[in-house]
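The values are calculated or read from the model by the stated rules, or taken from the named source; none is laboratory data. Keep in mind that this is a model prediction, so the values were computed, not measured. Neighbour counts are summed over all protein chains in view; Cβ atoms, including those assigned to glycine, are modelled from backbone coordinates with ideal geometry. Please note that ligands, DNA and RNA were not included when accessible areas were found on the heavy atoms of the full protein model with its side chains. Shrake-Rupley method; radii C 1.70, N 1.55, O 1.52, S 1.80 Å.
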Amino acid sequence: MRSIPSWLRTRLGIAACALLVACATPPQATTTKELPFEQAVAQATEDLFKQTQGDLLSKVESKLARRTIAIDPLLDGRTGQQTAVTRSIEKSITEKIKAAYPQFDVLPFQSSSMGKTNLILTGTLTRDNAAGAPPKRLRLALALTDLRTGKVVAQANSLTRDDGLDTKPTPFYQDSPVIIRDRTIDGYVKTAETPPGQAADPAYLEKIVTAALIEEALGAYNDQNYADALRLYERSLASPGGDQLRVHTGIYLSNLKLGRNGEAESAFGKIVSSGLANNNLGVKFLFRPGSTEFWQDAKISGPYTFWLRQIARQSAAAKVCMNIIGHTSKTGSEQTNDRLSQQRAQFIKQRLEAEAPELGARTRASGQGFRQALVGTGSDDARDALDRRVEFKLSSCPP
């Protein structure tokens with residue numbers, strides 16, 4: 001008697017599963033051993049798409065079971081930024097899908113694709129800064145979400161190391177005056193780490209069409225097409241769920257690049273207003289090394305005057321009390337950085353009081369040194385600019 005071919009055994013097993021019992025949700029895949037970077041990306045991608053095979057085969061033959069997928073560009077899991085290395089991962093995943101999984105058609109992450117896309121791939125690359133963690137350890141998390149059900153259908157993780165990876169932010173994130181980490185970005189990060197069978201984060205998923213339009217605007221900005229970027233960001237703002245930090249920041253940056261300083265200042269005021277409303281405003285003031293003086297390059301520090309003016313005006317209008325918190329990058333001694341971060345926070349407090357004297361009694365300055373570093377590389381360049389931020393956190397007003 002001829003043996004049953006393996007492909008038929010698989011098909012019969014899947015059919016029996018579908019007819020007799022509810023098939024269990026595929027377990028998420030986690031690789032616990034540190035792998036070289038390219039191998040880690042390949043492993044996570046393979047683990048992710050292995051989880052889709054049974055689901056596809058239970059419907060129709062694999063040659064006909066085509067699906068469409070769009071990749072929402074990967075983010076740094078701690079900062080919410082796109083970087084050179086996260087974009088390289090996206091490229092590698094796209095190439096892997098086209099080579100190894102021909103039943104998937106990869107569509108660009110654009111608003112015009114959203115009505116044609118079955119699945120959205122999200123992913124994060126996160127530096128492990130926990131005490132006792134191996135130096136330079138990074139964790140890659142990938143997830144596939146079915147847009148019809150709103151559930152994550154596959155999720156995989158792998159570990160690697162930052163051995164010379166290019167973690168520099170892409171132009172939009174490098175130029176951004178603030179940390180772009182709001183509820184929508186948090187939802188993206190959460191979705192990338194959600195186990196299979198569970199719902200994707202609703203704050204992320206309900207804004208997916210607008211997110212695709214924002215990505216088009218970001219691409220235009222990165223390509224230095226600032227007029228197109230401004231138009232797309234303004235369309236995003238008018239779209240459902242478009243009142244996001246990325247959008248206000250894009251309008252600010254595009255106007256600034258176009259020499260429209262008045263419009264840029266107005267847009268920065270919206271950034272501040274949004275940040276205060278959500279108690280989430282971290283501004284990237286760049287100081288000279290070891291000092292409380294702003295960086296002298298006018299291309300960098302030129303807008304600081306109206307940044308401070310808008311922070312003061314919006315804070316005074318909202319009648320809020322704030323803790324102004326200075327941060328430093330992870331270089332030098334802890335004692336030196338604690339003192340420097342306190343001094344920088346005090347300097348910003350004084351500048352705000354000069355703009356709005358009533359803030360004197362409603363603000364206090366403190367320093368965190370490098371204890372709350374988001375990046376933690378100590379590179380003292382564009383890669384860890386977020387570590388040298390000044391944050392404005394709402395606090396209780398004194399009686």
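Here are some notes:
- Remark on F285: its backbone amide H falls under 5 Å from those of V390, a criterion applied only to residues 5 or more positions apart or on other chains, H modelled at 1.01 Å from N.
- Note, ³J(HN,Hα) from phi for the stretch 253-258, Karplus 6.51, -1.76, 1.60, rounded to Hz, x at Gly and Pro: 5, 5, 4, 4, 5, 8
- For the stretch 206-292, pairs of C-alpha atoms spaced more than 14 angstrom apart make up 65 percent of the total.
- For the pair S396 and Q372, a Förster radius of 25 Å applied to the C-beta separation gives a FRET efficiency near 0.75, rounded to the nearest 0.05.
- Here the spin labels are modelled as points 7 Å beyond Cα on the Cα-Cβ line, and at S113 and N323 they lie 4.2 nm apart.
- Rounded tilt (10° steps) of 261-277 against the dominant C-alpha axis of the chain: 70
- Calculated diffusion of the stretch 277-352, Stokes-Einstein form, Kirkwood radius summed over Cα pairs, 20 °C and 1.002 mPa s, µm²/s: 158
- Cut-off under 5 Å, modelled amide H: who pairs with N279 long-range: none
- Applying the Kirkwood pairwise sum to the alpha-carbon positions of the stretch 285-399 produces a hydrodynamic radius of 14.4 angstrom.
- Highest mean packing comes first when the peptides 186-194, 111-119 are listed by Cβ atoms within 10 Å, giving 186-194, 111-119.
- When +1 charges are put on Lys and Arg Cβ atoms and -1 charges on Asp and Glu Cβ atoms, the dipole computed for the stretch 196-304 relative to its Cα centre reaches about 220 debye.
- Computed on protein heavy atoms with a 1.4 Å probe, the accessible areas place L253, L286 in the order L286, L253, largest first.
- Span from the the stretch 173-237 Cα centroid across to the the stretch 326-398 one, whole angstrom: 27
- C-alpha long axis of helix 208-222 to longest principal axis of the chain, angle in °: 60
- Loop-located trypsin sites (Lys or Arg not before Pro) in the stretch 251-310 (DSSP state other than H, G, I, E, B) with a sparse environment of at most 13 neighbouring Cβ atoms within 10 Å are absent.
- Along the axis of the charge dipole computed for the chain (Cβ charges of +1 for Lys and Arg, -1 for Asp and Glu, origin at the Cα centre), the listed residues L281, Q53, Q350 are led at the positive end by Q53.
- Each residue of the stretch 387-392 is assigned a 3J(HN,Hα), and the resulting list reads 6, 9, 8, 10, 9, 10 Hz, derived from the Karplus form 6.51 cos²θ - 1.76 cosθ + 1.60 (θ = phi - 60°), x at Gly and Pro.
- Modelled FRET efficiency - R0 45 Å, K91 with N261, Cβ distances, 0.05 increments: 0.80
- Magnitude of the charge dipole for the chain, about its Cα centre and with charges confined to Cβ atoms of Lys, Arg (+1) and Asp, Glu (-1), is about 480 debye.
- Where N is the number of residues in the stretch 200-358, Cα Rg divided by 2.2 N^0.38 Å: 1.15
- Spacing of the two label points (7 Å from each Cα toward its C-beta) at T149 and K136, in nm: 4.1
- Out-of-range pairs (alpha-carbon distance over 27 Å; input K284/K349; K91/K116; K299/K349; K96/K284): K96/K284
- Size check on the stretch 353-394: the Cα extents along the three principal axes, sorted descending, read 38, 18, 14 Å.
- C-alpha long axis of helix 84-100 to longest principal axis of the chain, angle in °: 10
- FRET efficiency, D297 to S379 (Cβ-Cβ, R0 25 Å, nearest 0.05): 0.85
- Accessible area in the full protein assembly, largest first, 1.4 Å probe, for R313, R181: R313, R181
- Around L245: net Lys/Arg minus Asp/Glu count, Cβ-Cβ under 13 Å: +2
- q = 0.06, 0.12 Å⁻¹, the chain: log10 I(q)/I(0) [Debye, one scatterer per Cα]: -0.28, -0.97
- Scattering from the stretch 124-246 was approximated by placing one identical point on each alpha carbon and applying the Debye formula without solvent; log10 I(q)/I(0) at 0.16, 0.19, 0.22 1/Å stands at -0.95, -1.17, -1.27.
- Scalar couplings 3J(HN,Hα) for the stretch 159-170, obtained by applying the Karplus form with A = 6.51, B = -1.76, C = 1.60 to θ = phi - 60°, are 10, 8, 10, 8, 9, x, 5, 8, 9, 5, x, 5 Hz; x denotes Gly and Pro.
- Binning the alpha carbon pair distances of the stretch 88-157 at 5 angstrom intervals from zero yields the distribution 3, 13, 18, 24, 17, 9, 7, 5, 2, 0, expressed in whole percent.
- Proximity of backbone amide H atoms, modeled 1.01 Å from N, is registered between K151 and D146, A200 at under 5 Å, excluding neighbours fewer than 5 places apart on the same chain.
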